Amino acid sequence: MGIQCNIERKGRIGRIVIGGVMDFAGAICIVIGLVTNRPVFFIPGIGLSIGGTFMILEGAIGWCAIRALGFKTKY
């Protein structure tokens, strides 16, 4: 069973944009965490970057993990 396209164009664009914002926020947190040597910024930054990258992947291939689990979304 492969990954099938389950979102429309608006949903794809939205996931790519939000994923990019999350990646950017994660990069800022990682840099702040490294510069100040505080894991309180570094660890959430890694999570934001991983989540953002996953959202960009979802948008690029047209697949939504939430919809694949059976939940209804707007787009």
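Which residues, taken from region 6-24, are open to solvent by less than 90 Å² (accessible area, probe 1.4 Å) and of a type outside the set (V, I, T)?
Matches in region 6-24: N6, G11, R12, G14, R15, G19, G20, M22, D23.
If V17 satisfies all but one of (1) at pLDDT below 95; (2) aliphatic (A, V, I, L, M); (3) in a helix (DSSP H, G or I), what's the number of the condition it fails?
Only one criterion in (1) at pLDDT below 95; (2) aliphatic (A, V, I, L, M); (3) in a helix (DSSP H, G or I) is unmet by V17, namely (1).
Does at least one position in region 24-41 carry a residue that is out of contact with any Cys (no Cβ under 6 Å at 6 or more places or on another chain), modelled with pLDDT of 95 or more, of a type in the set (F, W, Y) and farther than 18 Å from G2 by Cα?
Looking for residues that are out of contact with any Cys (no Cβ under 6 Å at 6 or more places or on another chain), modelled with pLDDT of 95 or more, of a type in the set (F, W, Y) and farther than 18 Å from G2 by Cα, one finds at least one in region 24-41, hence yes.
Being within 15 Å of the chain's Cα centre (by Cα) and of a type in the set (D, E, K, R) narrows it down to one residue among R15, R38, R9; which is it?
Of the residues listed, the single one that is within 15 Å of the chain's Cα centre (by Cα) and of a type in the set (D, E, K, R) is R15.
Being in contact (Cβ under 8 Å) with a residue 12 or more places away in the chain and assigned to a helix (DSSP H, G or I) is the filter; apply it to region 58-75 and report the residue that is surrounded by the most Cβ atoms within 10 Å (Cβ to Cβ).
Among those that are in contact (Cβ under 8 Å) with a residue 12 or more places away in the chain and assigned to a helix (DSSP H, G or I), it is E58.
Scan region 25-48 and report the pairs whose first residue is open to solvent by less than 80 Å² (accessible area, probe 1.4 Å) and whose second residue is among the polar types (S, T, N, Q), with Cβ atoms within less than 6 Å and a gap of 6+ or a chain change.
Close Cβ pairs satisfying both conditions: G26/S49.
The values are calculated or read from the model by the stated rules, or taken from the named source; none is laboratory data. From a predicted model like this one, the values you see are computed outputs, not experimental measurements. All Cβ positions, glycine included, derive from the backbone under ideal geometry; neighbour counts span all protein chains shown. Ligands, DNA and RNA are excluded from the accessible area calculation, which covers all protein heavy atoms including side chains. Shrake-Rupley method; radii C 1.70, N 1.55, O 1.52, S 1.80 Å.
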